[in-house]
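A.B. asks: Please read through the structure below; I'll follow up with questions.
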Amino acid sequence: MDFAFDNSFHDQLEGFYAPGDPEKPSAPKLLAFNPILAARLGLCTQDAHAAELAELFSGKAMPNGAAPIALAYAGHQFGHFSPQLGDGRALLLGEIVAPDGARFDIQLKGSGPTAFSRNGDGKAAIGPVLREFLVSEAMAAMGVPTTRALAAVATGDRVQRERAHPGAVLTRVASSHIRVGTFQFFAAHFGADHVIQLSDYSIKRHFPDIADAANPHLALLDRVIGLQCALIARWLGVGFIHGVMNTDNVAISGETIDYGPCAFMDRFAVNTVFSSIDTGGRYAYGRQPQIMHWNMARFAEALLPAIHRVAPDDVEAAKALVDAIPERFRAAWHAEVRQKLGLAEGGGDDAELIDSLFGELDKHSVDFTSFFRALAMLLRGEGAMMQALLPIADAMAPWIADWWQRIEQGAANPLELADAMDAVNPLYIPRNHRVEAALEAAETGDLAPWLELLEVVRAPFDARPGLERFAEPAPADAAPYTTFCGT
Ligand code: AMP
Ligand code: MG
């Protein structure tokens, strides 16, 4: 199979990575492949056999033109700076340019130790690999910017964690793997020249239209802030909690990256945390905008040497960009919620209606995903779904009355509006209890539940008879859900 690699990071940024080779798995077996993504990338995989794909996407066979490298990066982890992280369990095979001209990284995750592995084994267990595959595909289907999963391959080897698990390799596709932490690494260890080199490369790759800006590095900061505001608004809109928003897990492309302890919220609670290591609730659902702000301040700091080199006065402008984040985020968030609620842009002042909604949802512990579908059902004259969601009849009656009044002020046809709302409010998300059950089965060799769940979440907006159980939250008396880092 021909990949037509064009490895710009490797060729243009020598010194920003460490070359390395994947460890050869003993008995690679294809678990899952993503032919739709392969087609989008322009890869000719139609004639490839499962055995060939398993070898290619596990590190057993190296495709022509690959130049495997582990990227260097640093990062603030839970607020503390780690000067050297880097790809400890991942190797970038190379980049390919899709038929439409878009450039993508093809990366193996879990393919063995690299120069940055420290004490880690560089491997991944089947559970986290299938989890990332499933959740990233669900996010993509919901239209949330994200890295994608091209393949998952069982290695045939065991990976030792708290106990031994079957090992696996994920092939991750990203528009790049440049992170805030990449800038931090070169700012901390090398200084302005390296930061400028990385910034210039990033601009050329992601934002070529700002290359001629008066201060391109300042323009880069502006762009990345805009993308992060948009991304976190989308996360909150689908009830997604990333769980480990360290600066090394913030891609400058604006894609969601690093699906470790992430999970979706069922019943709404603004302080929801799933990750076992996030004991302080730093990365709780409702804190994600503040953390994004904090992460962007770290990005600005890392860019300062470059910004200052072009124009010392622009340091103030960078500070102003960071200070404006809460306002910018709020605009993105309100646009997101307005869509979810079927409220037309510019149809009036919705701020109070939007802000009060989340207090109500929290107070009544309403299933977040179902709530917006139930609102659309009200527009169709059907109230049963809403009644079933609320702990006591009329629990949210005043808020719903206000919303109804706002809808009536608009001229939209209620049935058309209901359909438009359903097109942005998912019905099927990867519910935690379903994900867990699917991964447990996969660990023992039964992939059927995982494959079924994948098919369900790949069409998140389309109600399908027979799939009702996938739209339901875990039973109210289920144990609290906890996630663990995908290491
Ligand atoms: P993460 O929490 O997944 O963002 O990872 C933080 C850092 O730990 C990154 O530098 C990873 O490459 C590294 N890391 C995580 N798991 C492993 C592992 N099993 N082996 C080596 N490095 C790892
Ligand atoms: Mg990471």
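A.B. asks: Take segment 442-487 and flag every residue that is of a type in the set (D, E, K, R), part of a loop (DSSP other than H, G, I, E, B) and under 30 Å from GLN160 (Cβ atoms). Break it down into steps so the answer makes sense when it comes.
C.D. replies: The first filter runs over segment 442-487 and keeps only residues of a type in the set (D, E, K, R), leaving 443, 446, 452, 455, 458, 462, 464, 468-469, 472, 477.
Next, from what is left, pick out any that are part of a loop (DSSP other than H, G, I, E, B): 446, 458, 462, 464, 472, 477.
If the condition is that a residue be of a type in the set (D, E, K, R), part of a loop (DSSP other than H, G, I, E, B) and under 30 Å from GLN160 (Cβ atoms), then ASP446 is the only one that fits.
A.B. asks: Could you go through segment 405-414 and let me know if any residue there is open to solvent by less than 70 Å² (accessible area, probe 1.4 Å), closer than 29 Å to GLU382 by Cα, at pLDDT 95 or above and within 25 Å of the chain's Cα centre (by Cα).
C.D. replies: Taking every residue of segment 405-414 in turn, none turns out to be open to solvent by less than 70 Å² (accessible area, probe 1.4 Å), closer than 29 Å to GLU382 by Cα, at pLDDT 95 or above and within 25 Å of the chain's Cα centre (by Cα).
A.B. asks: Separate question: Can you spot a residue in segment 16-25 that is among the acidic types (Asp, Glu), open to solvent by 30 Å² or more (accessible area, probe 1.4 Å), touching a strand residue (DSSP E or B) at 6+ places or on another chain (Cβ under 7 Å) and closer than 20 Å to ALA174 by Cα? Reasoning before the result, please.
C.D. replies: Within segment 16-25, the subset among the acidic types (Asp, Glu) is 21, 23.
Next, only the ones that are open to solvent by 30 Å² or more (accessible area, probe 1.4 Å) stay: 21, 23.
Next, only the ones that are touching a strand residue (DSSP E or B) at 6+ places or on another chain (Cβ under 7 Å) stay: 23.
This time we only want the ones that are closer than 20 Å to ALA174 by Cα, so: none.
Within segment 16-25, none of the residues are among the acidic types (Asp, Glu), open to solvent by 30 Å² or more (accessible area, probe 1.4 Å), touching a strand residue (DSSP E or B) at 6+ places or on another chain (Cβ under 7 Å) and closer than 20 Å to ALA174 by Cα.
A.B. asks: Considering every residue within segment 89-105, establish whether at least one is within 16 Å of ligand 2 (Cβ to nearest atom), of a type outside the set (A, V, I, L, M, F, W, C), over 20 Å from LEU30 (Cα atoms) and at pLDDT 95 or above. If you could, list the steps in order and put the result at the bottom.
C.D. replies: Restricting attention to segment 89-105, the residues satisfying the condition of being within 16 Å of ligand 2 (Cβ to nearest atom) are 89-92, 105.
Of the ones still in play, those that are also of a type outside the set (A, V, I, L, M, F, W, C) are 89, 105.
Filter again for over 20 Å from LEU30 (Cα atoms), leaving 105.
Subsequent filtering for residues that are at pLDDT 95 or above retains 105.
Yes: segment 89-105 contains one or more residues that are within 16 Å of ligand 2 (Cβ to nearest atom), of a type outside the set (A, V, I, L, M, F, W, C), over 20 Å from LEU30 (Cα atoms) and at pLDDT 95 or above.
A.B. asks: Considering only segment 259-271, I want to know if a residue exists there that is of a type in the set (Asp, Glu) and either part of a strand (DSSP E or B) or within 16 Å of ligand 2 (Cβ to nearest atom) (or both).
C.D. replies: Our first condition is that a residue be of a type in the set (Asp, Glu); within segment 259-271, this holds for 266.
Filter once more, so that each one left must be either part of a strand (DSSP E or B) or within 16 Å of ligand 2 (Cβ to nearest atom) (or both): none.
There is no residue in segment 259-271 that is of a type in the set (Asp, Glu) and either part of a strand (DSSP E or B) or within 16 Å of ligand 2 (Cβ to nearest atom) (or both).
A.B. asks: Out of VAL244, VAL273, report the one residue that is among the β-branched types (Val, Ile, Thr) and either under 25 Å from LEU220 (Cβ atoms) or assigned by TED's automatic domain parsing to the domain that holds GLN77 (or both). Reasoning before the result, please.
C.D. replies: Values: VAL273 fails: either under 25 Å from LEU220 (Cβ atoms) or assigned by TED's automatic domain parsing to the domain that holds GLN77 (or both).
It is VAL244.
A.B. asks: Could you tell me how many of the residues in segment 241-261 are open to solvent by less than 10 Å² (accessible area, probe 1.4 Å) and more than 11 Å from ligand 1 (Cβ to nearest atom)?
C.D. replies: The number of residues fulfilling the criteria is 5.
A.B. asks: Here's a follow-up. Which strands (runs of 3 or more DSSP E) sit wholly inside segment 29-131 and have at least 2 residues that are within 16 Å of ligand 1 (Cβ to nearest atom)? Steps first, please.
C.D. replies: Details: elements: 29-33, 69-71, 75-77, 80-82, 90-97, 103-109.
Fully inside segment 29-131 and qualifying: 69-71, 75-77, 80-82, 90-97, 103-109.
A.B. asks: Would segment 160-172 turn up any residue that is within 11 Å of ligand 1 (Cβ to nearest atom) and over 27 Å from ASN64 (Cα atoms)? First the steps, then the outcome.
C.D. replies: Looking only at segment 160-172, we keep the residues that are within 11 Å of ligand 1 (Cβ to nearest atom), and these are 160-161, 167.
From the residues that got through so far, the ones that are over 27 Å from ASN64 (Cα atoms) too are 160-161.
Within segment 160-172 (the criterion being within 11 Å of ligand 1 (Cβ to nearest atom) and over 27 Å from ASN64 (Cα atoms)), the answer is yes, since at least one residue qualifies.
The values are calculated or read from the model by the stated rules, or taken from the named source; none is laboratory data. Owing to the predicted nature of the structure, the values given are computational and were not obtained by experimental measurement. All Cβ positions, even for glycine, are placed from backbone atoms using ideal geometry, and neighbour counts span all protein chains on display. Areas reflect the complete protein model, heavy atoms only, side chains present, ligands, DNA and RNA absent. Shrake-Rupley method; radii C 1.70, N 1.55, O 1.52, S 1.80 Å.
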